[in-house]
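Asker: My questions will all concern the structure given below.
Here, each number is a calculation from the coordinates, and none is a lab measurement. All of these numbers come straight from a predicted model, not from anything done at the bench. Cβ coordinates were reconstructed from backbone atoms using ideal geometry, including for glycine residues, and neighbour counts include every protein chain displayed.
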Amino acid sequence: MNCAAQDLTNPLCMATSRIHFPDEDVLKLKAYLPSFRSQDSDFEAPLSTPIASRRDGASRPFVTLTFATSLDSALSLAPGVKTILSGSQSKSMTHFLRSQHDAICIGHATATADDPGLNCRLDNAMGLEHQPRPVIIDPGLKWNFEESSKVLQLAREGLGRAPFIITNDVPLNENQKRLLEAHGGKYICLSRGILTSNEGETYHHFKWADILDCLAEEGLRSVMIEGGGRLINSILEPGNNELVDSVIVTIAPTWLGQGGVVVSPPRRTNSHGQPIPAVRMTRVSWHPFGEDIVLCGAIQR
Ligand SMILES: NC(=O)c1ccc[n+]([C@@H]2O[C@H](COP(=O)([O-])OP(=O)(O)OC[C@H]3O[C@@H](n4cnc5c(N)ncnc54)[C@H](OP(=O)(O)O)[C@@H]3O)[C@@H](O)[C@H]2O)c1
C-alpha cells in the first residue's frame, strides 16, 4: 500500500508507516528481551543474573508482559474504548518489542475494541520474517472479525501475519474459518481449562501453562502479552505469574479516572485472612521515554 503523508489519518496507512527505534534505547531493554543473550555474548546486563538467559533450553515460550498504563492503573477509559496512552517514543518501543518476539497475545475484547494491526512497523525490521504472529484468546468466539479487520488487511498486504485464535471446544462458523485460513490464520481448540461462574454466567478460562504449551507446539518461542485488563489480570494470578519472564510497562503521566479497564490482579490474603500484596516486581529499572516512564523488571518468585 502506498500512503502519501496526508494519508496518515487513514488507519491502514498509520498501520503501515515506518517507525525508528534508536540503538541507545535498545540498550536500555536488552536485559529483558528473549533473544539478546544468545546473540551477543559481550553484552553486560545491568542486572546480576540476566533475565533473558533464564529460559535457555526451556520448552515453553519466553513471556514478556507489556502494556501502557495511566497513573491510576488503567489501560483504557472504559471497556471497549480505544485510549491512546503512550507517547511517540514508547509507541516506537512497542514496535521494537514486537520485532523481538515470535507472537503477540491479546484478549478478544481488545481485538474488538481496538481493531489492532498487531504488526511491526520498525524501519529496520521489514519483511514477513520480522512479523510476530498475533494470538487472540477467545474461548467463546466473541471476536467478530471481517475481511476489513486491520489485522487481515495487513496480512493481505504482506505487512503482518493473520491471527491464531485460541478457542474452547465450540462449534466454528464455517465462513469465518474459511476467511481466517485464506489469510494464513487458524483456530486452535484448547479444551482444557477451568470453568468459573460469575453473576450467573459460566466462563471457560485457560491455564496459561496450557496456552503457552500450545504456542510452543506451533513453534512460537517467545510471546509478548499486550492486554487487555482481564487477560493481564489472569496471567498475574498465582499459578500463572511464575510463567512471566519479563515485564515492560509504559506509565503515562495521566489519570484516566474511575470506570476504566484496570490492571489489578485478584487479592491475596495470608493464613490469618489479612490482605497481602498480590504480585511484586524485582530486578527493576526505570527509563524515561519522552513524557512516559518505562518500567522493566521480572516477577518476584
Ligand atoms: N493500554 C494498553 O496497553 C492496552 C492494551 C490492550 C488493550 N487495552 C484496552 O483494554 C480494553 C480491553 O480489555 P478487557 O479487559 O475488556 O478485555 P481483554 O483482556 O482484551 O479480553 C478479555 C477476555 O479474554 C478472555 N480471557 C482472558 N483471560 C483468559 C484466560 N486465562 N482464559 C480464557 N479466556 C481468557 C475472556 O474471554 P470470555 O469473555 O469469553 O471469558 C475475557 O473476557 C480495551 O479498551 C483496550 O483498548 C489497552
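Asker: Which value in nm describes the separation of the simple spin-label points at Leu77 and Gln258, placed 7 Å from the Cα toward the beta carbon?
Answerer: 1.8 nm
Asker: I want to check the label-to-label distance for Ile84 and Asp210. Put each point 7 Å from Cα in the C-beta direction and report it in nm to one decimal.
Answerer: 4.0 nm
Asker: So in segment 147-301, what percent of DSSP beta bridges are antiparallel if you round to the nearest 5?
Answerer: 85 percent
Asker: Taking R0 as 25 Å, what's the FRET efficiency between Arg178 and Ser35 from their Cβ-Cβ distance, rounded to 0.05?
Answerer: Details: r = 35 Å, r/R0 = 1.40.
Once the sixth-power term is evaluated, E becomes 0.10.
Asker: Oh, and also: If you average the sequence gap of Cα pairs under 8 Å that are 6 or more apart and divide by the length of segment 120-168, what percent do you get for the contact order? Intermediate results must be reported in sequence, preceding the final value.
Answerer: Values: 57 pairs, mean separation 23.9, N = 49.
Here the relative contact order equals 49 percent.
Asker: Could you work out how far apart the two model spin labels at Ile188 and Ser271 are, taking each label as a point 7 Å from the Cα in the direction of the beta carbon, and quote it in nm?
Answerer: 4.0 nm
Asker: Along each principal axis of its Cα atoms, how long is segment 109-231 end to end? Whole angstroms, biggest number first, please.
Answerer: The Cα atoms of segment 109-231 stretch 48, 30, 25 Å along the principal axes, largest first.
Asker: Taking amide H positions as placed in the peptide plane 1.01 Å from N, state which residues far from Ser222 in sequence (5 or more) or on other chains have amide H under 5 Å from it.
Answerer: Distant-sequence amide H within range of Ser222: Phe62, Asp102, Ala103.
Asker: Sticking with this structure for a sec: By average Cβ neighbour count within 10 Å, what is the ranking of 17-26, 96-105 from highest down?
Answerer: 96-105, 17-26
Asker: If you don't mind, there's one more thing I want to ask. Calculate, in nm to one decimal, what Trp286 and Ser59 gain on full extension: separation in residues at 0.36 nm each, minus their alpha carbon distance.
Answerer: Details: separation 227, 0.36 × 227 = 81.72 nm, distance 3.00 nm.
Value of the extension gain: 78.7 nm.
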